[in-house]
Amino acid sequence: MELSKNYIPNEVESRWYEHWLGKGYFNSKPDEREAYTVVIPPPNVTGVLHMGHCLNNTIQDILIRRARMHGKNACWVPGTDHASIATEAKVVGMLRERGITKSSLSRDEFLMYAWEWKEKYGGIILQQLKKLGCSLDWDRTSFTMDSDYYKAVIEIFIKLHREGIIYRGLRMVNWDPVSKTALSDEEVIFKDIDSKLYFVSYPLTDGSGSITVATTRPETILGDVAICVNPTDTRYTSLVGKEVIVPIINRKIPVIADEYVDAEFGTGALKITPAHDKNDNELGKKHNLKAINTLDAEGKFTAEELADDTPSEQVLSYNGVDRFVLRKKIVEDIAALNQIQKVEDYKGQVGTSERTGAIIESRLSLQWFMDMKKFIGQHPAIVSSVATDKIKFHPAKLKNTYSYWMDNIKDWCISRQLWWGQQIPAWYDGEGNYVVAATREEAFEQFKSQNEKIKIDEIFQDEDCLDTWFSSWLWPMEVFKGVSSPGNPEFNYYYPTTTLVTGQDIIFFWVARMIMAGYAFKDKQPFADVYFTGMVRDKQGRKMSKQLGNSPDLLGLIDQYGADATRFGILIASPAGNDILFDESALEQGRNFNNKLWNALKLIKMWEGRQTFGVNRESSGVSEVVKSKTHDSRLTTHDFAVTWFGNRLSQVKMEVDEMMGQFRLSEALKTIYSLIWDDFCSWYLEWIKPGFEQPISTSVYQKTVVYFEELMQLLHPFMPFITEEIYHLLQENTDDLCVKQVQAIPSSNKSILGEGELLKKVISALRDARNKNQIKPKDPIKLHIQADTISGYQSIENILMKQVNAESITYTKESIANTIVVAVEKDKFFIETEKQLDSTTLKAELLKDLEHQQKFLESVLKKLSNERFVQNAKPEVIALEQKKQADAQARIKTIEESLKNL
RNA sequence: GGGAGCAUAGCUCAGCUGGUUUAGAGCAUCUGCCUUACAAGCAGAGGGUCCGCGGUUCGAACCCGUGUGCUCCCACCA
């Protein structure tokens, strides 16, 4: 069969993915094996694959594939999140394009459109994961609004409400005026902004002057109910208890005193607007002040609550004006009254909505909350499991972040003024009473026990739905129906899951809450290890964003480089616990690696039909000169290469095992990459390679094929497609690499590994000497070796000759004149060449080396002559220093001799 | 404002218990090669004040202190 010049991934990848699917390799059913369970962090149902997903899911696939090959029952559950705000916003946008406003639709009509949209676009992202090679058990695909899942969420709400953990209350919440919903604290992102500090004066009612207040939010002035100063602030002592007049609205408000006010800031006087600021609200409560709301749900002015003040024409003209326009307007209007003292530039922070980016309003509203302190208090393992590594975080530094958040946890606002999501199971009668129940019928029964006259169609359900995270926190349980069908065999087998792979950015949103849910509802941790990936940035370190246009088209990249190369590229650039700086050149490196593998395959395939049977006809592939030599080292030469690589392979397999155990995936991949490229291709294959059109011994050939297969098996979790392809092209294999079980690792022989390293060093040193002396690669040399023990070199003569293009090797006890001298450890090599040698350059080189060695020796001697070192250091450390000394002295002697030779 | 982390080659990072030939890798750079698997390649090389300063120690990239510079998390001084 003719193999193409370069590896072409596309056809190979889709072919193998189909094959694996057809064989059902990704499907898992409970059996006697140990389970290795991973649940995917469910992407937004309407999402498309981006670099973050790519990194995330590549890592999960590596872990899953490796577990599958190591005798585990690997189960990786796919699915999507209904993502209430994000999805609802998309649906609203889609409807707007069609000329339909949300407000013109009933809830049911809207949900119909939303489901339609979900069916059409939902799960595109799952198809994209297939392109990446993810070995997910597709039969288990879940969605956070599946009917059982929906029921589970409702059940949990009812349970927590019954336990008094969930309550309804009028609180200041983070209000997103764009999506017109409350948000949890976690959904608010604070951003630095340039704003202005306005100094507004409020005249005293007694005409004795005025108080100036500094504010960044003049648009809320119409909601002012007091001016507050610090009681110790002597500037204002005499004014406390007096009244001032709010500009424009002419409301009379008191001047009060409270420790809260910082006398140093602004003018030391603070205006109190309890309806629009959390702190003001607290102060308002404390001082028994009314909250006057002046903004509606969209952040537009409303005069509704100003009735007591009999609003003027001017005030009424603000009706419906957006908060930011209103700010300008009010400033102008107050300026017209000469009550703006000055305006300063001010750098402040504002909260923005994580989803819509809108600036958050603090707004007093009736919402549902979870009492987190109480909840966590009931399940101490939520905090301790992470501290004690019952749940291990990678990187461990995030443990601090976690425990700090837990220690300072605030109540969780779980209601959202949205329709897309689990509707809150609270039911109201017309009089403001409510009950919590799963169905209208159950709610009706509850109401009836209090009020016999009530009719079932008189009660109505809460319009709001639950925070998305209130459903996703059940994910590791409910994908196995652990909540809706507790104690079922699947759940018992797969839960707790093994490893969670997710982004650091959702540690509070999701990871922490899954841990809470796990302990609270099943009394078990949801997973044993959490691998946190960093954020994917561009190579300048900027976040990927649509605005910057620095977010690469992932499917395009997969098309261009192949999925294996993409996986390689993203992982190789991704040290554990750090952000990754994405650079397309890493994918190029991955593609080149594919090609390297492909070419190694081509080389080995060339030998397939050229095997000789029996050792006598074995060819070393080197020149006739070798064959005429007195002793025959040909057999041992290949034996050495084969034995050495076998040992090297074992050694690296051990290292990889160790790294994988510590979740150092990027390093593991680098290690395998170097094993394949350097040890296998550059050294081993070159060592066993027969000469042009020469045969190769069957035993070496077969051993090489096995090695290559084992390398492919080691690499398979990282680059599944090309490894499977090569596995099948190497020889007729009836099984598939994807599920081929990994054998126990034989131990490796240190002395053979050491010989291999020495050989590499000698070859490199001799090649370097050739290079420096400008001996052309084609010019042969005669090599003389001076070593204490020559047997080691005799067994690898053929490799050495071929690798440094020597036409002969002889052994000598003395230095040889007019040669280039190379010293490696204690052995000396004399390169004899036809070429005229430039003795000055040689001399300079040697002198430079001599100086270096002498300096080194000096430092070693200094150490050894230090009595305290000899007394305190461990014996092996001293022995090592002594060896350094001996080696350095030997080398200095060699160099000095060589200098005499010149 | 509070906390955590980081600083090692041009870039991205290893360096795990303080001692492993006076610091390693990949990428990039430079030199020489179209050597019959591979120029998406081969062979080789150069490149470091381990952020500054001080300390502990026989010995420090590693431990301690301090300064500087970044990054992240938490926290709504209007």
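Worth a mention:
- Exactly one residue out of A:605, A:629 is more than 8 Å from RNA strand B (Cβ to nearest atom), at pLDDT 50 or above and either farther than 16 Å from residue A:709 by Cα or surrounded by fewer than 18 Cβ atoms within 10 Å (Cβ to Cβ) (or both): that is A:605.
- Checking A:71, A:99 one by one, the residue that is touching a residue at least 24 places away in the same chain (Cβ under 8 Å) and not in a helix (DSSP H, G or I) is A:71 and no other.
- Candidates in region A:796-823 are the residues that are in a loop (DSSP other than H, G, I, E, B) and within 49 Å of the chain's Cα centre (by Cα); of these, the one that is nearest to residue A:684 (Cα to Cα) is A:796.
- The residue pairs whose first member lies in region A:180-197 and is more than 22 Å from residue A:297 (Cα to Cα), whose second member is not in a strand (DSSP E or B), and whose beta carbons are closer than 6 Å, counting only pairs six or more residues apart or on different chains, are A:195/A:216; A:197/A:216.
- Number of positions in region A:861-879 that are under 23 Å from residue A:895 (Cβ atoms), more than 8 Å from RNA strand B (Cβ to nearest atom) and surrounded by 12 or more Cβ atoms within 10 Å (Cβ to Cβ): 2
- Test: residue in region A:250-268 that is closer than 20 Å to residue A:326 by Cα, at pLDDT 90 or above and touching a strand residue (DSSP E or B) at 6+ places or on another chain (Cβ under 8 Å): yes
- From A:537, A:542, residue being basic (Lys, Arg) and exposed (fewer than 15 other Cβ atoms within 10 Å of the Cβ): A:542
- Close contacts from region A:848-872, counting a first residue that is closer than 23 Å to residue A:896 by Cβ and a second that is more than 9 Å from RNA strand B (Cβ to nearest atom) and of a type in the set (A, V, I, L, M), with Cβ to Cβ under 6 Å and a gap of 6+ residues or different chains, come to A:849/A:895; A:850/A:895; A:853/A:892.
- Selected residue [within 16 Å of RNA strand B (Cβ to nearest atom), farther than 17 Å from residue A:224 by Cβ and out of contact with any Gly (no Cβ under 9 Å at 6 or more places or on another chain)] from A:285, A:328, A:347, A:278: A:347
- Residue check, residue A:283 assigned to a helix (DSSP H, G or I) and hydrophobic (A, V, I, L, M, F, W, C): yes
- Residues (among the hydroxyl-bearing types (Ser, Thr, Tyr) and either over 20 Å from residue A:803 (Cα atoms) or near RNA strand B (Cβ under 7 Å from one of its atoms) (or both)) located in region A:670-700: A:671, A:673, A:674, A:682, A:698, A:699
- Subset of region A:288-312 that is over 25 Å from residue A:352 (Cα atoms) and among the acidic types (Asp, Glu) - its residue that is nearest to RNA strand B (Cβ to nearest atom): A:305
- Single unsatisfied condition, residue A:705 versus (1) within 12 Å of RNA strand B (Cβ to nearest atom); (2) of a type in the set (A, V, I, L, M); (3) surrounded by fewer than 19 Cβ atoms within 10 Å (Cβ to Cβ): (1)
To keep it simple, each residue is scored yes or no on (1) assigned to a loop (DSSP other than H, G, I, E, B); (2) among the hydrophobic types (A, V, I, L, M, F, W, C); (3) over 40 Å from the mean Cα position of the chain (by Cα).
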| position | (1), (2), (3) |
| --- | --- |
| A:167 | no, no, no |
| A:173 | no, yes, no |
| A:182 | no, yes, no |
| A:189 | no, yes, no |
| A:200 | no, yes, yes |
| A:203 | no, no, yes |
| A:208 | yes, no, yes |
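- Looking only at residues of region A:640-694 that are among the acidic types (Asp, Glu) and within 17 Å of residue A:572 (Cβ to Cβ), we find that the one that is surrounded by the most Cβ atoms within 10 Å (Cβ to Cβ) is A:667.
- Among the candidates A:415, A:353, the residue that is of a type in the set (Gly, Ala, Ser), over 27 Å from residue A:529 (Cα atoms), surrounded by 19 or more Cβ atoms within 10 Å (Cβ to Cβ) and within 16 Å of RNA strand B (Cβ to nearest atom) is uniquely A:353.
- Residues that are outside any loop (DSSP other than H, G, I, E, B), closer than 16 Å to residue A:55 by Cβ and either within 11 Å of RNA strand B (Cβ to nearest atom) or of a type in the set (Gly, Ala, Ser) (or both), drawn from region A:551-561: A:561
- You will find that of A:200, A:153, the residue that is farther than 30 Å from residue A:58 by Cβ and within 16 Å of RNA strand B (Cβ to nearest atom) is A:200 and no other.
- Matching residues, region A:84-94, being more than 12 Å from residue A:420 (Cβ to Cβ) and not small (Gly, Ala, Ser): A:94
- When region A:362-395 is filtered for residues that are more than 9 Å from RNA strand B (Cβ to nearest atom), assigned to a loop (DSSP other than H, G, I, E, B), farther than 29 Å from residue A:350 by Cβ and out of contact with any Ser or Thr (no Cβ under 6 Å at 6 or more places or on another chain), the ones remaining, listed by number, are A:379, A:380, A:388, A:389, A:390.
Conditions tested, residue by residue: (1) modelled with pLDDT of 95 or more; (2) within 14 Å of RNA strand B (Cβ to nearest atom); (3) closer than 29 Å to residue A:377 by Cβ; (4) touching a Lys or Arg at 6+ places or on another chain (Cβ under 8 Å).
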site: A:470; (1), (2), (3), (4): yes, no, yes, no
site: A:487; (1), (2), (3), (4): no, no, yes, no
site: A:501; (1), (2), (3), (4): yes, no, no, no
site: A:538; (1), (2), (3), (4): no, yes, no, no
site: A:549; (1), (2), (3), (4): no, no, no, no
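- Residue check for residue A:118: surrounded by fewer than 23 Cβ atoms within 10 Å (Cβ to Cβ) and either part of a loop (DSSP other than H, G, I, E, B) or touching a residue at least 60 places away in the same chain (Cβ under 8 Å) (or both): yes
- Scanning region A:384-399 for residues that are over 19 Å from the mean Cα position of the chain (by Cα) and free of Cβ contacts under 8 Å to residues at least 24 places away in the same chain yields A:384, A:387, A:388, A:389.
- Inside region A:570-594, residues that are within 6 Å of RNA strand B (Cβ to nearest atom) and under 19 Å from residue A:533 (Cα atoms) make up a count of 4.
The values are calculated or read from the model by the stated rules, or taken from the named source; none is laboratory data. Remember, it's a predicted structure, so these values are computed and weren't measured experimentally. So basically every Cβ, Gly included, is an ideal-geometry build from the backbone, and we count neighbours across all protein chains shown.
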